[in-house]
Amino acid sequence: MTGLLEPHAIGQSLTRLDGPAKVTGTAPYAFEQPVGDPLHLFPVQATIARGRVTAIDSSAAEAMPGVAGVLTHTNAPRLASDEDRELWVLQSDQVAFRGQFVAAVLAETPEIARHAASLVRVEYAEEPHEAELRADSAKLYAPDELLAGEPTNTFEGDVDGALAAAAVTVDQTYTTPMEHNNPMEPHATIARWDEDGLTLYDSTQGAHTVRVTLAPVFGLDPRQVRVIAPYVGGGFGSKGMPHAHNVLAGLAARMAGGRPVKFALTRQQMYSIAGYRPPTIQRIQLGAGADGRLTALAQDVIELSSKIKEYAEPTGKGTRVMYAAPHRRITHRLDPLDVPVPTWMRAPGECPGMFALEVAMDELAVACGLDPIEVRVRNDAEVSPESGLPWSSRNLVACLREGARRFGWERRDPTPGVRRDNGWLIGTGVASSTYPVYRLPGSVAMIRLLGDGRYRVSIGAADIGTGTWTALTQVAADALGVPCERVDLRIGDTALPMASVEGGSSGITSWGSAIVAAAQAFRDQYGTEPADGAEVVAETPDNPDAARFAMQAFGAQFAEVRVHVDTGEIRVPRMLGVFAAGRIINPRTARSQFIGGMTMGLSMALHEQSVMDPRFGLVVNHDLAEYHIAANADVGDVDAIWIDEHDPYVNPMGSKGIGEIGIVGAAAAVANAAYHATGIRVRDLPITADRFLS
Amino acid sequence: MIPFEYLRAEDAASAVAAVASRPTAAFLGAGTNLVDHMKLGVASPELLVDVSRLPFDEVEPLPGGGVRIGAAVRNSDLAADPILRSRYPAVSRALLAGASAQLRNLATTGGNLLQRTRCVYFQDVTTPCNKREPGSGCSAIDGYTRYHAILGASSACVATHPSDLAVALTALDATVVVLGVHGERQIPLADFYRLPGDDPHRDTVLEHGELIIAVDLPDLPFAARSTYRKVRDRASYAFALVSVAAALDVADGSVRDARVAFGGVAHKPWRATRAEEVLRGAPISDESFLQAAEAELAGARPLAGNEFKVPMARNTLVAVLRELAQEEAR
């Protein structure tokens, strides 16, 4: 345990420091970075899901005025490493998924590039493919580990025996669909080669991540790759790692004679290139006494992966920390398919997994005749159920109780399908939420005293719209004991010191800890009278308390749902989230993260579904007209609050990551409210009008 | 998108001549659908003749009590038009149920009627589609059918027409006024759209080079009691799963006359003449309304995956008729 920073700037609702630049359109996003004399790139994508390219006729494209070149697997520069097959771009004739890059056109304008790309003729030898997740697939296998190294399977006690002996059981299968991240800013990059190596202006959640991932692919030393990403228009995980478009731009730039190459994916292209949340099939078995106390808890997950790159969504991760039960089983199996490569999407694991668990808990409450909040309170875990570690702090029950008070839960009649207003059935639902406190290693902060009395704080971190510019400035101010005006933060560039990826809600913990360590080192080295130009660097320290405590944020999600009696239309007029996430660095940007996550959870509950047509291996609703994301009219009163939580173990700020917890449990709360409204239990997302029609 | 020429039409006749004389020419209204299709490769006109500035931007009374809507009247202007709002509220409501505010500010009346289907396979040139590429096959029939037809489809095409406005206009007996190289002709909207049959390539009976210059609504006093109800997966900015436009004339506890059309269920706005027949003279009751709906939907042939549209269309029509009957009773 370290002493927490004395909060002065921390806890203040500072307005976004990057706000004026963004609303005046002067914050340069990746594609807008001024570069001289660029070429433009447009890809040709495979129209088969599996097979080989047998011939490419690019003569018509090459003959077009303004075309600088056509890249194919026959002429593209060779890459150095095929370790990551997602990034092995234009290196062979193999086609591993529909939409894979098979060629690209470099041209003087985007219009010429796009038209010329449509003139490239590609012939294929097509092979049979599989693109549909199936619970009965013969190819199911257990991965060695899940996304972040979590164990694939965990077993405790005798689940089957406990289920057989249980007074009450729930045994249901829940599914979540493929979902695409769809940040507002498409994935975009500008690539330029010169004698020093490769420079990328990129839309990414981690400039250094792009550097260290791509350097070996191009056979470069990481120091030969510069990545610049000061402003990013959302990522939701899909910009956490570089994807094939980065490599394609790098290859094209190498053939561009030193000219920069600009490349922005279209919305449609993002559906096959930029990653997505894989669909899941989850069987949940609960055994409990008549008092609702769990004796057995099992979650067996079957989920999609891609054949060329394993992706093991840690779907059961949330269940492992949520509720006490002596007999437990959590397993994962992957179905590897001929599909684009999945990736992180806001709260990978917890988001789909807690949908299933929290609907199952609602079913348990109904089966026991207990209030769903009471069931959760009775099963609150005093220690982390699998590790046995005590919690650094856990305030799930406080969140549930405070939410119940504010939401008006005590007046709730549990009977489903009986409240009706002007043709609408009304119900309310609750679900728990959780997300871990991650600290990624390796970030380095540099602090330097400038001549004007300000401190330059440099770290190659990312702000993907979350408020990093502002919140890290607040952390640095308190770490240095100065007002925010005396902090000159620099982020978003590999020319700045190493920083971990903006992922796993780990940014403030990881980068903030490095800044606090640097400030401490600065004081240790220079005392209270540092000279101008005084400078230190320090790395994110290990947290010795991490071995002694389980560290998670918790929350409670409440939703009111209306379902139209005649049409089945479903609306969510009201949502409330109550979170316990340590100390809140900036209430304004934190609230934005919470309600943003909840809104995305609402969208997941009612709308989001990438429709995979297995005949083609194609997500057919690949644009924002057909892939529905909640529109303003779908979003009612969404409110988020938090309870004061003191946690001296997580990091020197006392904060827990908040970027993802807002989405966790939100869809379950909506599903549970829909059940309360109608008496119809929907176990498959999204919850659409047809579910309520007979 | 292929390179194309752009011509701003000076007058309607020259616009028609310019398009009619060139098979690869197309009229350009606001372009909210056509330009998307050009980017996607779904449409490849070599000449765009911009008709959005032709003087067809007014809503005018017609002799005999009807109303003429200029083809270039923007959707948002038409929705706000006091005559439409008071005498044909179904039209105004249909417009406001469509697209987004930004699109409505731009989109024209004629262009709205000529929107093409939102079938995902039609919009993706890498998948077979008989409407886009005759003879290539229909990907939707065994594919993603949520937004597809339950009435009037063929083995060649199961697409639906996406317009909301056209559904309301179809219900209210509108007529399309068309200018071609041989002069003007008037086409009842009910005859304007085609069913797919063996030739889903063509959405309407328009000949190449024919330009919509106006839409006429007849005098229909009971259309003042009309409405439009759109059921969709998202509260706004989504195409209809099912929609209903209806007008009801009620006297002495029974239906004197009715106009009904469905949207989202067929290759064209579906005028529900069977339902109207059942309604005429029927007592005002949920039972009558249900009989009307079932009479119309008896011919429904849903696809695997859109069976829900039959009860949804039935329930929505009953709910709309109930609401109109109650409105009349006030």
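The values are calculated or read from the model by the stated rules, or taken from the named source; none is laboratory data. Not measured: the values here are computed from a predicted model. Note: ideal-geometry Cβ built from the backbone for every residue, glycine included; neighbour counts use all protein chains shown.
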Residue match in region A:123-144 (condition: surrounded by 20 or more Cβ atoms within 10 Å (Cβ to Cβ), of a type outside the set (Asp, Glu), closer than 29 Å to A:SER603 by Cβ and within 14 Å of another protein chain (Cβ to nearest Cβ)): yes
Residue within region B:307-315 that is over 30 Å from B:ASP199 (Cβ atoms), away from chain A (no Cβ under 14 Å) and without any contact (Cβ under 8 Å) to a residue 40 or more places away in the chain present: no
Number of the condition not met by B:GLU328 [criteria: (1) modelled with pLDDT under 95; (2) within 14 Å of another protein chain (Cβ to nearest Cβ)]: (2)
Within region A:517-538, considering residues that are among the β-branched types (Val, Ile, Thr) and in contact with a helix residue (DSSP H, G or I) (Cβ under 7 Å, 6 or more places away or on another chain), the one farthest from A:ALA499 (Cα to Cα): A:VAL536
In region B:105-155, the residues that are among the charged types (D, E, K, R), more than 10 Å from chain A (Cβ to nearest Cβ) and buried (at least 22 other Cβ atoms within 10 Å of the Cβ): B:LYS131, B:ARG132
Test: B:ARG229 is within 14 Å of another protein chain (Cβ to nearest Cβ) and among the basic types (Lys, Arg): yes
Qualifying positions in region B:211-256 - in a strand (DSSP E or B) and hydroxyl-bearing (Ser, Thr, Tyr): B:SER226, B:THR227, B:TYR228, B:SER243, B:SER254
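Only one residue in B:GLY183, B:GLY152 is at positive phi and in contact (Cβ under 8 Å) with a residue 60 or more places away in the chain. Which one?
It is B:GLY152.
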Which listed residue, of B:VAL49, B:VAL35, B:VAL42, is surrounded by fewer than 16 Cβ atoms within 10 Å (Cβ to Cβ), more than 16 Å from the chain's Cα centre (by Cα) and either under 24 Å from A:ILE112 (Cα atoms) or assigned by TED's automatic domain parsing to the domain that holds B:ALA261 (or both): B:VAL35
Number of the condition not met by B:ARG259 [criteria: (1) in a strand (DSSP E or B); (2) more than 19 Å from the chain's Cα centre (by Cα); (3) not small (Gly, Ala, Ser)]: (2)
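This table checks each residue for (1) assigned to a helix (DSSP H, G or I); (2) more than 9 Å from chain B (Cβ to nearest Cβ).
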{"position": "A:ALA590", "(1), (2)": "yes, yes"}
{"position": "A:PHE594", "(1), (2)": "yes, yes"}
{"position": "A:HIS622", "(1), (2)": "no, no"}
{"position": "A:GLY636", "(1), (2)": "no, yes"}
{"position": "A:ILE641", "(1), (2)": "no, yes"}
{"position": "A:MET653", "(1), (2)": "no, yes"}
{"position": "A:ALA668", "(1), (2)": "yes, yes"}
{"position": "A:ALA677", "(1), (2)": "yes, yes"}
{"position": "A:VAL682", "(1), (2)": "no, yes"}
Residue under evaluation A:TYR271, criteria (1) under 22 Å from A:PRO686 (Cβ atoms); (2) in contact with a helix residue (DSSP H, G or I) (Cβ under 8 Å, 6 or more places away or on another chain), criterion not met: (2)
